[in-house]
Amino acid sequence: MKILSDILLESYRNQPGIDFQSALRQLDETFVRSDSFNFYTSVAVITSSKIEGEPMEIDSYVKHKIQQIEYLPELTHKPNDLFRAYIYAKENRLSSSHFSQSHRLLAEHLLPEHSRGIYRQNPMVVLEHKSGRIQFEAASAHLVQEEMDKLWEDIDELLRRELSMEEIFYYASFIHLLFVCIHPFNDGNGRAGRLLEKWFLSDKLGPMAWYIQSEQYYYQHVAEYYLNLNRLGMFYEQLDFTKAEPFLMMLREVLRGQDQVN
């Protein structure tokens, strides 16, 4: 592996047990209605968007998508762009080129056309949207292409491998974490990183992965989400990934919660 690390994998495996197979089986049995994907994707899209400061309420956006209720365009444009990216991801296998296209879709009302799906050429400081506090300094511009090339080489290798259930969730979380730390685009990185995580899961687990309510969990635990990102350090070149376990465990907790609910 070029950039993803298995340094925490053994510890991850030894955490208090969760029956991955049972939880996923219940997901598959629960979400069988023809409109389930649109409903749960609507929730995923608006909660992911609200992490980034979008003002539209969750129930209003769900009504917009499921009941076709109209709202002001300035409220719906960016979430709808992200919804289109999720539809595109569901219909295409995960690859670097397909992911770039998904960013072009989700960034339609975020960035000028020449910046969509294109890696940045400038420094990037990541701010927490509510407080405006600096969260961390992302990868230097001269490193972005190299780091993303390594990440995609690792993702491609993982997609070819037979992985255990623990490995699938571990690496999905690590991909999300590393992507956000690199922050390769001028905007839309948080939305794209959460989509990338779920897209990887769907390629390894099948369509049921789209019903894992990870975005909603991250939104409900947004302070913890940013705190766990901050544990690694302030500067990309000095990040300590031995401190990443609390972030990696968040996706696992999503599945544990759904197992308990179901």
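The values are calculated or read from the model by the stated rules, or taken from the named source; none is laboratory data. Predicted model only: the values in this text are computed from it and were never measured. Cβ sites come from the backbone with ideal geometry, for glycine too, and all protein chains shown count toward neighbours.
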| Got at least one residue in the range 100-113 being within 30 Å of L158 (Cα to Cα), out of contact with any Ser or Thr (no Cβ under 6 Å at 6 or more places or on another chain) and among the hydroxyl-bearing types (S, T, Y)? | yes
| Within the set of pairs 6+ apart or on separate chains, which have a first residue in the range 10-25 that is under 22 Å from T242 (Cα atoms), a second that is of a type in the set (A, V, I, L, M, F, W, C), and C-beta atoms under 9 Å apart? | Y12/F169; Y12/L248; Y12/M249; Q15/M249
| query | Looking at (1) under 16 Å from the mean Cα position of the chain (by Cα); (2) over 27 Å from E157 (Cβ atoms); (3) of a type in the set (A, V, I, L, M, F, W, C), which is the only condition L94 fails? | reply | (2)
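What residue, among those in the range 105-116 that are of a type outside the set (D, E) and not in a loop (DSSP other than H, G, I, E, B), is farthest from V45 (Cα to Cα)? Steps first, please.
Narrowing the range 105-116 to residues of a type outside the set (D, E): 105-107, 109-112, 114-116.
After this cut, where a residue has to be not in a loop (DSSP other than H, G, I, E, B) as well, the list is 105-106, 114-115.
Details: L105: 13, L106: 10, H114: 24, S115: 22 Å.
Looking at residues that are of a type outside the set (D, E) and not in a loop (DSSP other than H, G, I, E, B), I get H114.
Conditions (1) more than 24 Å from H221 (Cα to Cα); (2) basic (K, R), marked per residue:
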position: R104; (1), (2): yes, yes
position: L110; (1), (2): yes, no
position: R116; (1), (2): yes, yes
position: R120; (1), (2): yes, yes
position: P123; (1), (2): yes, no
position: V126; (1), (2): no, no
position: G132; (1), (2): no, no
position: A139; (1), (2): yes, no
| Residue check, K90 farther than 23 Å from F39 by Cβ, basic (K, R) and either at pLDDT 95 or above or not in a helix (DSSP H, G or I) (or both) | no
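Quick one: which of E29, E10 is at pLDDT below 95, in a helix (DSSP H, G or I) and of a type outside the set (A, V, I, L, M, F, W, C)?
Details: E10 fails: at pLDDT below 95.
Of E29, E10, the one residue that is at pLDDT below 95, in a helix (DSSP H, G or I) and of a type outside the set (A, V, I, L, M, F, W, C) is E29.
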| request: Identify all residues within the range 143-182 that are crowded, with 17+ Cβ neighbours inside 10 Å and either of a type in the set (S, T, Y) or touching a strand residue (DSSP E or B) at 6+ places or on another chain (Cβ under 6 Å) (or both); write none if there are none. | output: Y170, Y171, S173
| Sole residue being of a type in the set (S, T, N, Q), buried (at least 20 other Cβ atoms within 10 Å of the Cβ), touching a Pro at 6+ places or on another chain (Cβ under 8 Å) and part of a helix (DSSP H, G or I), chosen from S102, S49 | S49
| query | Of everything in the range 167-216 that's of a type in the set (G, A, S) and at pLDDT below 95, which residue is farthest from the chain's Cα centre (by Cα)? | reply | G206
| note | Inside the range 83-99, the number of residues satisfying the requirement of being small (G, A, S) and buried (at least 17 other Cβ atoms within 10 Å of the Cβ) is 2
| Do you know which residues across the range 33-64 are at pLDDT below 95 and in contact with a Ser or Thr (Cβ under 6 Å, 6 or more places away or on another chain)? | none
| Among the residues of the range 68-81, is there at least one that is under 20 Å from the mean Cα position of the chain (by Cα), under 21 Å from V126 (Cα atoms), exposed (fewer than 15 other Cβ atoms within 10 Å of the Cβ) and touching a residue at least 24 places away in the same chain (Cβ under 8 Å)? | no
| message | Checking the condition touching a residue at least 60 places away in the same chain (Cβ under 8 Å), among the hydrophobic types (A, V, I, L, M, F, W, C) and crowded, with 23+ Cβ neighbours inside 10 Å, which residue from L229, L195, L201 passes? | response | L195
